[in-house]
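Enquirer: The structure is given below, and queries will be raised subsequently.
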Amino acid sequence: FPSHDMVACAGVVDGAEVDVVDMAAYEVGRGQSWPADYIANEVAAIASRLGVSDVVVDVYGDGNGALIPELENAGLGVVKLNTQDMRNGTVGFVDANLNGRVRHIAHEGVPALDVAVVGAVTRKSSGGYVWDQSRADVDLTPLRAVTAAWWVHHSSTGGEYDVMSSFF
């Protein structure tokens, strides 16, 4: 399967806790990637159109190290996520999804997120879990991007989520 560079956003729309919108996917062949400056310029254009000033990057994602300075040079603030953030995001996103607190606004002809969710595989990580691309049969990039966006949105809302609502 091809790999993707993915741009995703999360926010509150129509009273739903989090809506997820997969905004753009730049598909390339497996083992290839777009030049970091090209991706940064594309992300800056999308961010400008949407009035977004900050972007989220998983610092351990493939090729993201080169992307961070390019995004900063494009005038964007970069929120850098580490493994703990991605673990918390994965666990939280799965919980929110299972409990109906996430809504995906699908774009016709761009099923990448739906495919990633169906084919998602996790691996253990320090008492939690993260998405595991190495064992998945589909590209999890869209799901990882949305998870990162969801985590930053959720963790920046001051923890409005009541963890006890997850217990039956």
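Quick note: the coordinates plus some simple rules give every number you see, no bench work behind them. Please read all numbers here as calculations on a predicted model, not as lab measurements.
Enquirer: Take the alpha carbon gyration tensor of the stretch 85-153, find the square roots of its eigenvalues, order them as a ≥ b ≥ c, and report rounded if a/c is under 1.5; if not, report prolate when a/b exceeds b/c, else oblate.
Expert: oblate
Enquirer: Taking θ = phi - 60°, what integer Hz values does the Karplus form 6.51 cos²θ - 1.76 cosθ + 1.60 yield along the stretch 67-83, in sequence order, with x for Gly and Pro?
Expert: Residue by residue, the stretch 67-83 yields 6, 4, x, 5, 5, 5, 5, 7, x, 9, x, 10, 8, 9, 9, 9, 4 Hz.
Enquirer: Check which residues have an amide H placed less than 5 Å from LEU81's amide H, if you skip close sequence neighbours.
Expert: It is VAL57, ASP58, VAL59, by chain and number.
Enquirer: ³J(HN,Hα) across the stretch 137-149 via Karplus (A = 6.51, B = -1.76, C = 1.60, θ = phi - 60°), whole Hz, x for Gly/Pro?
Expert: Values per residue, Gly and Pro as x: 8, 10, 6, 8, 3, x, 5, 5, 5, 5, 4, 4, 4 Hz.
Enquirer: Oh, and also: Under a 5 Å amide H to amide H cut-off, with H placed in plane at 1.01 Å, what residues pair with TYR129 once short-range neighbours are removed?
Expert: Sorted by chain and number, the residues that satisfy this are VAL91.
Enquirer: Given H placed on each backbone N at 1.01 Å, which residues far from VAL121 in sequence or on other chains put an amide H within less than 5 Å of it?
Expert: ASP132
Enquirer: Please turn the phi angles of the stretch 86-94 into ³J(HN,Hα) values with the Karplus equation 6.51 cos²θ - 1.76 cosθ + 1.60 (θ = phi - 60°), one per residue in order, whole Hz, x for glycine and proline.
Expert: Listing the rounded values in order: 5, 5, 4, x, 4, 4, x, 5, 4 Hz.
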